[in-house]
Amino acid sequence: MADAPARTPSAPAAPAGDTPSPEGSAAHLVLDGLVKTYPGKDGAAVRGVDLAVERGRMLAVLGPSGCGKSTTLRMIAGLVEPTAGRVRVGGRDITDAPVHRRDMGVVFQSYALFPHLDVARNVAFGLEMRKTPKADLKRKVAEALELVRLGHLAGRRIAQLSGGQQQRVALARALVVEPAVLLLDEPLSNLDAQLRAAMRDEICRIQRETGVTTVFVTHDQQEALSMADRVAVMNHGRIEQTGSPEDIYERPARSFVARFVGRANLLPGTAEGQDGDHTLVALDGLGRVPAAGEPVARGGTATVMLRPHRIALSPAAGGTGAVRGTVLSAGYAGETVAYRVRVGDDGPLLDVERPTGTQEPFGPGAEVELTWDHAAPRLVSDEDGDSEGSR
Amino acid sequence: MTADSPDPAHARTPPDPPASAGTPESPGPAATPGSGGAPHPSAAGPAPAATRRRSPGRVAFALLLPGLLALLLTYALPLVWVLRMSLNEAEDGGVIRQTLSVATFTHVLGSSHYWNVIGQTLELGVLVTLCTLVVSYPVALFLARTTSRWRSLLVALAVAPLLISSVARTFGWMAILGTQGVVNKTLDGLGLTDTPLHLANNLTGVVIASTEIYMPFAILAMISGFGRLDPALEHAAAALGAPRRTVFRRIVLPLTLPGVLTAALLVFVLSLSGYVTPRLIGGGRVFVLATEIYDEAITALNWPVAAVLSVLLLAVFGVVISLYLWAQKALEARFTGPGEARS
Amino acid sequence: MNVSRLSRAARSVVLTVLYLFLLAPIIIVLVESFDNATYLRFPPEGFTLDAYRQVFANEAFREGFQVSGVTAAATALLAVLTGVPAALALTRLRFRGRSAVEAAFLSPLLVPHIVLGLALLLILAPIPLTDTYWGLILAHLGVTVPYVVRTVSASLVSADPRAEEAARTLGAGGFTTFWRITLPAIRPGLFSGGVIAFLLSFDETVISLFVSGQNTVPLPVAVLQYVEYRSDPSVASLSVLLVLLSVVVVVLVERGLGLRRTLRSG
């Protein structure tokens, strides 16, 4: 087809004429009940994954190693054949399409650059497969390399590049063919910490400039929260929760999500009734705590999540009704101090994190009062909510 | 560039958006971003795993087919033919009677001549193996331990003979061991002997030449089997007060034994089936299974007997290899303890 | 101190003697190849290249060289053509019975050549393919394919399968991926497998003895028959020439590959 009007990587198109629908527009990539079982292994690697990514958005699939996130990505790419379920892109079912007809841009964890080709020929590979005319090919390769800021290294051998440069080549190679979807498998895990932060911004910039619908897989919650428009947390082959980074962090639905994304105090208790949007939960040693989130019926067991940094500490005063505790340990960590606080005499242990420099740190044995704002406690459903997913 | 346009991708492929926009079903279960709402996967997808694309089994079969055909034609089938031939009988004048009998087996095993051949084959194998191990071990040990900058040259020199065909090397040994050869000329010239030593056309000559011919194999097998030999262990033992001989006996020898065993198997098996050296150096007076098989097949045209001898040789091979595997397991058990070795 | 110096000297003497033993036939062959006698004698009494001239004048050697060269080239080609797909399947695909197939591909290494030679004679004689190029090539194929499978498998294992996946995601089909990505990555293993197959076939004596006759006599068989009845230095000269040839081949291949590798990384 004539690709004259097509977007070029270095010069992203202006907003389209058709009505842009920022929220709730049609999903571009849809996974429908993807399942992958391996013969001879009990339990499926992926156990029914539903996901939808809107056009031009970036979705992070976040989970511990072995949770099935990479398998899911490889099923989208067509490198793994799903046992059940469908993959749709732009409304077209591509589940049965072979890998090389899928129009996916994939960046592998190891980059998987072709060692015997130089940078430009690596990038040109996908265009050659598409029989792009010579002149177009040259221009597009140059533009793609400009996009990843490697124009000056076009003639280099792969072995001569640093890890970060290889990463950029891999990105350029995946993007130059203007794929329907860009898939990134642990894109930053092979880089050292400093480079990782820089590449994080780079990938976000490139994704914004090209507007390519992107799915990336990571085990690093920082990466997922800071880069993605939406995050899907995965565990044991299932999606635990999908939402905006803020949703995931502030309003985790499950205790797994609460623990995996950031640190959390998880306190078991009993629901005692409703108070507006909040459920009143009786917690051991903490009394009756109103918690936001999916309501739990009166008398049901409920787990309340409290982020350590949402708890404030003050020296114990005589006031009644306040939650009191004793500092068991205090770990100085530069920007913050991490406390362990025993509530009451034999109440629960709470992790508390306070910024340094705002108040005199407490030492072990100090008597403190614990306070938090109304919105801090959240109801999360427990692990056995896992079975709910299979219904 | 206003990079954060709400949906730049819509401009990308103009013909595409209407198609995708026209899929009302696409806001799937997870597309509704309910805050904190857990997705409700519709477990098993609608589509059963039907035959998609190409099955890996079929691709594998297609790729393996040429190689398997080659093996079948040039290796498996011929061996089956040998087995089949060993159950035939030979009649006078190279005529083969197609039957299914063990008559040829009983004929061969009932003849003292063939038992002599088998005995001499085993004798040669044992002698060559022992000699080769004795002369190869010091070289291999040296090469495994040395840090000399000549090391790679010395290793190359040790395996260089492999580049030269065994025919040529055997020819060299004929020139050394013959009655007019280097050894006898030298001894005669020094006035040490009156009559030349009989070093060729007998078992002695075959053993000497075979030892040299299998030496590179033995050295290679030993070096690669000496992997566990860590000089630090010897230093440690010496530091603990062990004299050199004790260090060798208690540390070096046990650690190098697996490599020696592999070399022994290799040399024994090679010499059991060696043909060129027994034929050339033996000068028609050393009869081993290999020369006998050739003579029966080519000279006497007695294919059934040749086939029976081949089957016997394969049987000896089987026994030797089983013994080796057993010995290897026993050695392994000594290193790792019986419990681990079994798992 | 004295003891250790003594034992070190003793060790050097032992090693020197052993090396001399190991290299003795080669040294003798080299020395003899320049002798001017028509029979084998020692020490040589003159320096001449007569023996080398004789090699080139010897019809049996010339023909044997041609037979062996053609056979080895064809065998190596066939071994590569059949061995590479097999190695590809064994390293890149998961299928039932994979380890059994792998064992099958290596098993010819366990069978003595004398038995294989007889076996091939029995099967090729009735067709009849003995004493022909095709017979020799088929006979050598079974013993060379395992080496090709092994060397190519080794280089396939060390090549990154992700690069192949990347090529496929970029639109390359199975064959294109193999041709443009896999093949360049395994070229060193492919070459060494091919060279090993060539040299093995070129040097193969015992199997060839069974399947060759009067018309198609490969060089090792010609040499063997020559040595059995005559002993003059021309065989020594021939051996020296063959060693030189194989060294040249190995060095050329090594150089070619090494050069390419340094280009790639440097």
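The values are calculated or read from the model by the stated rules, or taken from the named source; none is laboratory data. Everything numeric here is computed off the predicted structure, so don't read it as measured data. Cβ: placed from backbone, ideal geometry, glycine included. Neighbour counts: every protein chain shown. When the accessible area is computed, the model is the full protein with side chains, heavy atoms only, and any ligands, DNA or RNA have been set aside. Shrake-Rupley method; radii C 1.70, N 1.55, O 1.52, S 1.80 Å.
Got a number for residues in segment A:122-137 being facing chain C (nearest Cβ under 10 Å) and among the basic types (Lys, Arg)?
2
Considering only residues that are open to solvent by 20 Å² or more (accessible area, probe 1.4 Å) and assigned to a helix (DSSP H, G or I), which ones fall in segment A:90-107?
Result: A:His100, A:Arg101.
Which numbered condition in (1) open to solvent by less than 40 Å² (accessible area, probe 1.4 Å); (2) at pLDDT below 90; (3) part of a helix (DSSP H, G or I) is the only one that C:Ile196 fails?
(1)
Scanning segment C:225-235 for residues that are more than 7 Å from chain B (Cβ to nearest Cβ) and either at pLDDT below 85 or surrounded by fewer than 19 Cβ atoms within 10 Å (Cβ to Cβ) (or both), which turns out nearest to the chain's Cα centre (by Cα)?
C:Gln225
Of a type in the set (D, E, K, R) and at pLDDT 90 or above: is that true of C:Arg168 in this structure?
The answer is yes for C:Arg168.
Just checking, which of B:Leu163, B:Leu141, B:Leu130, B:Leu177 is open to solvent by 40 Å² or more (accessible area, probe 1.4 Å) and more than 7 Å from chain C (Cβ to nearest Cβ)?
Going through B:Leu163, B:Leu141, B:Leu130, B:Leu177 in turn, just one is open to solvent by 40 Å² or more (accessible area, probe 1.4 Å) and more than 7 Å from chain C (Cβ to nearest Cβ): B:Leu130.
Specify the residue that is farthest from the chain's Cα centre (by Cα); the eligible residues are those in segment A:107-162 that are among the aromatic types (Phe, Trp, Tyr) and within 19 Å of A:Leu191 (Cβ to Cβ).
A:Tyr111
Mind counting the residues in segment A:257-312 that are part of a loop (DSSP other than H, G, I, E, B), buried (at least 21 other Cβ atoms within 10 Å of the Cβ) and at pLDDT below 90?
Total meeting the criteria: 3.
Since A:Ser110 meets every condition but one in (1) within 11 Å of chain B (Cβ to nearest Cβ); (2) open to solvent by 10 Å² or more (accessible area, probe 1.4 Å); (3) within 24 Å of A:Val212 (Cα to Cα), which condition does it not meet?
Just one mismatch for A:Ser110, condition (1).
I need the full set of residues from segment A:173-205 which are assigned to a helix (DSSP H, G or I) and surrounded by 22 or more Cβ atoms within 10 Å (Cβ to Cβ), in order please.
Answer for segment A:173-205, where residues must be assigned to a helix (DSSP H, G or I) and surrounded by 22 or more Cβ atoms within 10 Å (Cβ to Cβ): A:Arg173, A:Ala174, A:Leu175, A:Ile203.
Would you check if there is a residue in segment A:81-89 being assigned to a loop (DSSP other than H, G, I, E, B), at the interface with chain B (Cβ under 9 Å from one of its Cβ atoms) and either over 28 Å from A:Ile203 (Cβ atoms) or open to solvent by 10 Å² or more (accessible area, probe 1.4 Å) (or both)?
There is at least one residue in segment A:81-89 that is assigned to a loop (DSSP other than H, G, I, E, B), at the interface with chain B (Cβ under 9 Å from one of its Cβ atoms) and either over 28 Å from A:Ile203 (Cβ atoms) or open to solvent by 10 Å² or more (accessible area, probe 1.4 Å) (or both).
Kindly evaluate C:Arg187 against the criterion of being part of a helix (DSSP H, G or I), more than 12 Å from chain B (Cβ to nearest Cβ) and at pLDDT 90 or above.
For C:Arg187, the condition - part of a helix (DSSP H, G or I), more than 12 Å from chain B (Cβ to nearest Cβ) and at pLDDT 90 or above - is not met.
Can you find, within segment C:164-181, the residue that is most open to solvent (accessible area, probe 1.4 Å) among those that are assigned to a helix (DSSP H, G or I) and closer than 19 Å to A:Gln109 by Cα?
Looking at the filtered set, the residue picked out is C:Arg168.
Where in segment B:21-117 are the helices (runs of 4 or more DSSP H), entirely inside, with at least 3 residues that are modelled with pLDDT of 80 or more and of a type in the set (Phe, Trp, Tyr)?
Of the helices (runs of 4 or more DSSP H) lying wholly inside segment B:21-117, none has at least 3 residues that are modelled with pLDDT of 80 or more and of a type in the set (Phe, Trp, Tyr).
Please give the number of the condition A:Ala333 fails out of (1) under 21 Å from A:Pro268 (Cβ atoms); (2) free of Cβ contacts under 8 Å to residues at least 24 places away in the same chain; (3) of a type outside the set (Ser, Thr, Tyr).
(1)
Out of curiosity, is B:Val247 away from every other protein chain (no Cβ under 11 Å), touching an Asp or Glu at 6+ places or on another chain (Cβ under 6 Å) and open to solvent by less than 40 Å² (accessible area, probe 1.4 Å)?
Spelling it out, B:Val247 is indeed away from every other protein chain (no Cβ under 11 Å), touching an Asp or Glu at 6+ places or on another chain (Cβ under 6 Å) and open to solvent by less than 40 Å² (accessible area, probe 1.4 Å).
Pick from segment A:144-169 the residues that are in contact with a strand residue (DSSP E or B) (Cβ under 8 Å, 6 or more places away or on another chain) and open to solvent by 50 Å² or more (accessible area, probe 1.4 Å): which of them is nearest to the other protein chains (Cβ to nearest Cβ)?
Among residues in segment A:144-169 that are in contact with a strand residue (DSSP E or B) (Cβ under 8 Å, 6 or more places away or on another chain) and open to solvent by 50 Å² or more (accessible area, probe 1.4 Å), the one nearest to the other protein chains (Cβ to nearest Cβ) is A:Arg157.
Against the condition touching a residue at least 60 places away in the same chain (Cβ under 8 Å) and open to solvent by 20 Å² or more (accessible area, probe 1.4 Å), how does A:Asp345 come out, does it pass?
It is false that A:Asp345 is touching a residue at least 60 places away in the same chain (Cβ under 8 Å) and open to solvent by 20 Å² or more (accessible area, probe 1.4 Å).
Residue-by-condition table, conditions (1) among the aromatic types (Phe, Trp, Tyr); (2) over 23 Å from B:Leu79 (Cβ atoms); (3) out of contact with any strand residue (DSSP E or B) (no Cβ under 6 Å at 6 or more places or on another chain):
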site	(1), (2), (3)
B:Ala263	no, yes, yes
B:Val276	no, no, yes
B:Pro304	no, no, no
B:Ser322	no, no, yes
B:Ala333	no, yes, yes
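For a quick check of your reading: which helices (runs of 4 or more DSSP H) sit entirely within segment B:136-245 and have at least 1 residues that are of a type in the set (Val, Ile, Thr) and within 18 Å of C:Ile27 (Cβ to Cβ)?
In segment B:136-245, the matching helices (runs of 4 or more DSSP H) lie at B:151-159, B:166-177, B:182-189, B:203-225.
If only one of B:Thr147, B:Thr211 is open to solvent by less than 30 Å² (accessible area, probe 1.4 Å) and more than 7 Å from every other protein chain (Cβ to nearest Cβ), which one is it?
Just one listed residue meets the conditions, B:Thr211.
Considering only segment B:277-289, I want to know if a residue exists there that is among the charged types (D, E, K, R) and open to solvent by less than 30 Å² (accessible area, probe 1.4 Å).
No, the conditions are met nowhere in segment B:277-289.
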